[in-house]
Amino acid sequence: MNDLHLQFLASPQWARMLETELLPWLRSLGALGNDVLEVGPGPGLTTDLLKEMVPRLTAVEVDEQLARSLSARLEGTNVTVINGDATETGLEADRFSAATCFSMLHHVPSADMQDRVFAEVHRVLRPGGIFALVDSLDIDAIRVGHVDDIFVPIDSETLGARLEAVGFSKPVIEIGSYEFRAHALKR
């Protein structure tokens, strides 16, 4: 992730957007349950919101420095931070009541690897568990913020089929002005 993008994801402006746009949508999905996985928390502003909503939260972050910083900041809370790869977490199968992934999937370097993230999330979710995700649309304003960065946008038109291919059911995809929101259930 480039420095400009990382600064934005740690900014008060992003925190306000999460409070006013992400949080109401996430709450509209219903209770997330007692043990939730967050994939790709970055600097952790989404983690801050989630930890207030659930009894137990595990965050998997691939960037060692971000994981270390987030772990230190949230020590003594209901959050466990793991420095690891979301395509192969090593977490136990059928453990989590819900999983979330916010504005991170476009940083995964290929569609194949994104599908591996989907498959791993499916593996670690309990039957009936919900996967809630939000990511950027492929628009010029978003591309500008990803100069010298990985940017592999998810095609929202094929997302439902991709989620179903790894075992999710009932995918719902909503398109916004700069992002899509989606959720699906583990069968």
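Within 11 Å, Cβ to Cβ, of Pro43, how many net charges do the neighbouring residues add up to if Lys/Arg are +1 and Asp/Glu are -1? Walk me through the numbers before you get to the answer.
On the way: positive: Arg73; negative: Asp48, Glu61, Asp63.
Every neighbour counted, the sum reads -2.
Using equal-weight Cα scatterers in the Debye expression, the normalised intensity of the chain in log10 at q = 0.19 Å⁻¹ is -1.51.
Counting Lys +1, Arg +1, Asp -1, Glu -1, what net charge surrounds Met1 among other residues with beta carbon under 9 Å of its beta carbon?
On the way: positive: none; negative: Asp3, Asp63, Asp149.
That sum, taken over residues with Cβ under 9 Å, equals -3.
What FRET efficiency, computed as 1/(1 + (r/R0)^6) with R0 = 30 Å and r the Cβ-Cβ distance, is obtained for Leu6 and Asp94, rounded to the nearest 0.05? E between Leu6 and Asp94, to the nearest 0.05, is 0.35. Computed extension length for Ala31-Asn78: 15.2 nm, one decimal, from 0.36 nm per residue of separation with the Cα-Cα distance subtracted.
Each Cα pair under 8 Å and six or more residues apart adds its sequence gap; the mean of these over the residue count of the stretch 3-186 is a relative contact order of 18 percent. With R₀ set to 22 Å, the beta-carbon distance separating Thr20 from Val144 gives a calculated FRET efficiency near 0.45.
Computed from the coordinates by the stated procedures, all read-outs in this text should not be read as laboratory data. On a predicted model such as this, the values are computed, not experimentally measured, just so you know. Positions of Cβ are generated from backbone atoms using ideal geometry, with glycine treated the same way; all protein chains shown enter the neighbour counts.
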